[in-house]
C-alpha cells in the first residue's frame, strides 16, 4: 500500500472545483492510503466526502507571514516527514504548494535537492513536474485535469455532490423550503491580486428589495458574518433571512438544490452553488478573469465591469429573472 498526499488547501472555491480530481485520485489509488491536506474551512466537508482516508488541516496558513510562526512550520514539517509519503499531488500549485515542498525536503533553498517523494506539480526539482502550454491562462479545472493526465490519470469525472444527501441527517432553517427563495452570497470576491472586493451595500439592499418584490425570500449566506448588510437588508427587504455563519458547506448544497437562484461575487460559495446546479449570477470586476476563475455549472451568467460598483442591481435582477 502506497502512502499518498493530496494538497488541496486553497479554500472553498478551489476545493469544490477539485472534487472531480479528488474522485479521480481516489479511483486511481483505490488500494492506497490517501491523506488530504486542506484548509480549515473545508476539513468537515472533505471528511464527509470520503474521498480520502485521512484529512489534515493545513495549520501553516498564515505561518509564513512575518513574523513567521516557526512552531507551526516545524510541526507541519515533522508531521509530513513522519508519514513518509511516496507520492504527492499538489493540486493547489503556486506559492503555498512550493512552501510545502520546501518543508518536506532539507532546509536548503537553492532548489538543488529533491523532495523525498514523487511530486506532481509545477516546481523545479520535483520528480514528476508538470507545465501546460499557456499555463497562466488556463482555467483551474482544466489545469488540474492536464496535471493528472501527465501523471497517468487520463479521466477526471464530473463533480458529483449526491453524497451530500446521504451525509446530512437533519437540516433546519427558519423558513419553509417549499417557498421560493434566492441566495445572496455576500462574501467578498478574492481578486487576482489577493485583495478582497465587495459589491457595494446599497446594491445589495436594492437587489434584496427587488428579490422580495418578485415574490422570493432573500437568504443571506456567507462564511463570514455581515452584520451591517443584515441590518440594511432588514430595512429594504424585511423578509430577509440571515444564515451567515450558521450553515455548513453541506447545508449550503441543500440550499442550492432548492433555491430559485443565487447571486454573488467571484467567491467560493458561488463556485459551490454553480457546481450544485443552482442558477447563478456572478459578479466580476476587471481584476478577475472568468476564463481562468469562472464558475462552471449548467446555468451560470457572469456580469463583468471595470469595478463591481458599476454593476447595477437592476441588471443583476434582470439576469436572475431570465433564470428564475
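You will find that of 26, 77, the residue that is over 28 Å from residue 292 (Cβ atoms) and buried (at least 17 other Cβ atoms within 10 Å of the Cβ) is 77 and no other. For region 155-169, the candidate set comprises residues that are in a loop (DSSP other than H, G, I, E, B) and out of contact with any helix residue (DSSP H, G or I) (no Cβ under 8 Å at 6 or more places or on another chain); within that set, the residue that is modelled with the lowest pLDDT is 169. Taking region 261-302, which residues are surrounded by fewer than 24 Cβ atoms within 10 Å (Cβ to Cβ) and touching a residue at least 40 places away in the same chain (Cβ under 8 Å)? Across region 261-302, the qualifying residues are 276, 284, 285, 287, 288, 289, 291, 292, 293, 294, 296.
Name the single residue that is modelled with the highest pLDDT among those in region 285-300 being outside any loop (DSSP other than H, G, I, E, B) and within 25 Å of residue 247 (Cα to Cα).
Narrowing region 285-300 to residues outside any loop (DSSP other than H, G, I, E, B): 290-293, 300.
From what's left, within 25 Å of residue 247 (Cα to Cα): 293, 300.
Numbers: 293: 89, 300: 97.
Within region 285-300, the match that is modelled with the highest pLDDT is 300.
Taken together, 46, 52 contain a single residue that is buried (at least 21 other Cβ atoms within 10 Å of the Cβ), touching a residue at least 40 places away in the same chain (Cβ under 8 Å) and within 23 Å of the chain's Cα centre (by Cα), which is 52. On inspection, residue 235 qualifies as more than 22 Å from residue 171 (Cα to Cα), surrounded by fewer than 17 Cβ atoms within 10 Å (Cβ to Cβ) and modelled with pLDDT of 95 or more.
The values are calculated or read from the model by the stated rules, or taken from the named source; none is laboratory data. Quantities reported herein were computed from a predicted structural model and do not represent experimental measurements. A quick note on method: Cβ atoms are made from the backbone with ideal geometry, for glycine too, and the neighbour counts reach across all protein chains shown.
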